[in-house]
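Q: The structure's right below; bear with me while I get my questions together.
The values are calculated or read from the model by the stated rules, or taken from the named source; none is laboratory data. Everything numeric in this text was worked out from a predicted model, so none of it was measured. All Cβ positions, even for glycine, are placed from backbone atoms using ideal geometry, and neighbour counts span all protein chains on display. Surface areas here come from the heavy atoms of the whole protein model, side chains and all, with no ligands, DNA or RNA. Shrake-Rupley method; radii C 1.70, N 1.55, O 1.52, S 1.80 Å.
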Amino acid sequence: MTDIITEQATAAGSGAAATEQFRSKQRMETAEVDTKRVDTLVTELLTAAHDIIRRHKVTYAEYDALKSWLIQVGEDGEWPLFLDVWLEHVVEEVAGESREGSKGSIEGPYYVPGSPRLPAEATLPMREDEVGTPLLFQGQVTGVDGAPLSGATVEMWHADDDGYYSQFAPGLPEWNLRGTVIADEQGNFKIHTIQPAPYQIPTDGSCGRLITAAGWHAWRPAHLHLKVSAPGHQLITTQLYFKGGEYVTDDIASAVKPELVLDPTPVADGSGREVTYDFVLDKA
Ligand code: MBD
Ligand code: FE
């Protein structure tokens with residue numbers, strides 16, 4: 001742990017920031033859902049819950065435990081975390097069903113738009129003494145026909161070597177380990193960063209309480225988050241993992257796909273690891 005961090009990272013702290021981040025995104029995208037659709041989806045959801053209550057003979061004590069937990073999730077600001085960990089992967093699966101290009105994965109609660117714009121070969125903003133194995137992540141953005149996409153952008157954000165995200169944990173520079181890389185004419189990019197650590201769901205909040213109560217583990221494998229886009233093409237939101245890493249086969253957020261696992265090799269001069277990964281985008 002970095003000892004300059006005097007204020008502790010808390011579930012309620014990152015929850016409040018994630019809730020605020022989501023609200024600012026919602027202001028731009030008014031969520032309007034058709035009445036008939038709301039009726040169908042909510043009725044089916046409630047019917048599934050009714051079935052579970054009958055089948056398992058749920059007691060008043062259990063009903064009250066659920067009620068008090070749901071209230072607490074809101075108070076902790078952990079709805080974004082809860083939904084993105086346990087539901088988003090299926091929404092992403094459905095959304096990506098008919099895409100031919102690179103596989104996507106969930107966005108999660110810690111994306112912040114507008115990170116610093118960087119040239120095609122760049123180092124993500126990081127502290128002078130940033131801890132972690134250096135990683136060179138490079139590749140090319142093309143269309144499904146293989147044509148290089150000029151004007152592509154590769155947005156990357158990830159946790160530090162302690163598993164913390166800037167803007168969601170105290171004591172980190174605002175844009176630490178976040179950047180928007182503008183690829184060159186051929187869609188090529190080279191991003192210098194450090195390898196993130198696995199991410200642990202905060203243990204002191206409602207999601208942590210649920211995990212403990214159910215006897216689960218609280219971890220996501222180490223991962224890089226990416227949004228890749230190019231003019232006239234569909235933006236892809238994805239994540240990349242590291243072969244052999246802890247929790248890669250047992251992600252609490254169920255967001256790993258075989259195509260998303262990197263296998264970096266040591267750099268010849270001993271300065272860390274490097275890996276090449278190309279992105280293929282579908283036409284818009
Ligand atoms: C994360 O870092 C993340 O990517 C997701 C999906 C959920 C919780 C924490
Ligand atoms: Fe993440």
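Q: Under unit Cβ charges (Lys, Arg +1; Asp, Glu -1), what dipole magnitude, rounded to 20 debye, does the chain have relative to its Cα centre?
A: Its charge dipole is roughly 600 debye.
Q: Pull up the DSSP beta bridges for the range 93-281 and report the antiparallel fraction as a percent, rounded to 5.
A: 65
Q: So, one more: Any idea how far apart S98 and Q138 come out in nm if each label point goes 7 Å out from Cα toward Cβ?
A: Each label point is offset 7 Å from its Cα along the Cβ direction, giving 3.8 nm.
Q: When the chain is modelled as a GNM with alpha-carbon springs shorter than 10 Å, which of D263, D145, D34 fluctuates the most?
A: Largest GNM mean-square fluctuation: D34.
Q: Which of these, A120, A255, A65, has the largest mean-square fluctuation under a Gaussian network model of the chain (Cα springs below 10 Å)?
A: Residue with maximal mean-square fluctuation among A120, A255, A65: A65.
Q: Separate question: Quick one: which residues, 5+ away or cross-chain, put their amide H under 5 Å from the amide H of L262? H built at 1.01 Å from N.
A: Counting only residues 5 or more places away or on other chains, the set is Y241, F242, K243.
Q: Taking H placed 1.01 Å from N in the peptide plane, check which residues at least 5 places from H233 or on another chain put their amide H under 5 Å from its amide H.
A: Hits under the 5 Å cutoff: A284.
Q: If you find the alpha carbon centre of the range 202-245 and of the range 115-147, how far apart are they in angstrom?
A: Cα centroid of the range 202-245 versus Cα centroid of the range 115-147: 19 Å apart.
Q: Between A147 and T276, what is the label-point separation in nm under the 7 Å Cα-to-beta-carbon projection?
A: 2.3
Q: Grab the beta carbon distance between D129 and E62, set R0 = 45 Å, and tell me the FRET efficiency rounded to 0.05.
A: According to the calculation, E is roughly 0.35.
Q: Leaving out ligands and nucleic acids, note down the accessible area per residue over the range 1-132 with a 1.4 angstrom probe, in whole Å².
A: Each residue of the range 1-132 exposes 71 Å² on average to a 1.4 Å probe.
Q: Anyone know which of K243, K103, K36 comes out most mobile in the 10 Å Cα GNM of the chain?
A: Among K243, K103, K36, the largest mean-square fluctuation in the Gaussian network model of the chain belongs to K36.
Q: Okay, moving on. Rounded to a whole number, what % of the accessible area of the chain do carbon and sulfur atoms account for, probe 1.4 Å?
A: With neighbouring chains kept in place, the figure for the chain is 55 percent.
Q: Go through the range 144-152 residue by residue and turn each phi into a ³J(HN,Hα) via Karplus (6.51, -1.76, 1.60, θ = phi - 60°); whole Hz please, and just put x for glycine and proline.
A: 5, 7, x, 6, x, 9, 6, x, 6
Q: So what are the ³J(HN,Hα) numbers for the range 237-254, from phi and the Karplus equation (6.51, -1.76, 1.60; θ = phi - 60°), rounded to whole Hz, Gly and Pro as x?
A: Ordered by residue, 3J(HN,Hα) equals 9, 8, 9, 10, 10, 10, 3, x, x, 4, 6, 4, 9, 8, 6, 4, 8, 6 Hz.
Q: Place the peptides 271-283, 196-208 in order of packing, highest mean first, counting for every residue the other Cβ atoms within 10 Å and averaging per peptide.
A: 196-208, 271-283
Q: Tell me, what ³J(HN,Hα) does each residue in the range 179-192 have, in order and in whole Hz, if you take phi through Karplus 6.51 cos²θ - 1.76 cosθ + 1.60 with θ = phi - 60° and put x for Gly and Pro?
A: Taking θ as phi minus 60°, the curve returns x, 10, 8, 8, 5, 7, 4, 8, x, 7, 9, 9, 10, 9 Hz for the range 179-192.
Q: Here's something else I'd like to know. Using the charge dipole of the chain (Lys, Arg: +1 at Cβ; Asp, Glu: -1 at Cβ; taken about the Cα centre), state which of A65, I236, G139 has its Cα farthest towards the positive end.
A: Most positive-ward Cα: A65.
Q: Taking N as the number of residues in the range 93-281, what is its alpha-carbon radius of gyration divided by 2.2 N^0.38 Å?
A: Relative to the rule-of-thumb radius for its length, the range 93-281 sits at 1.02.
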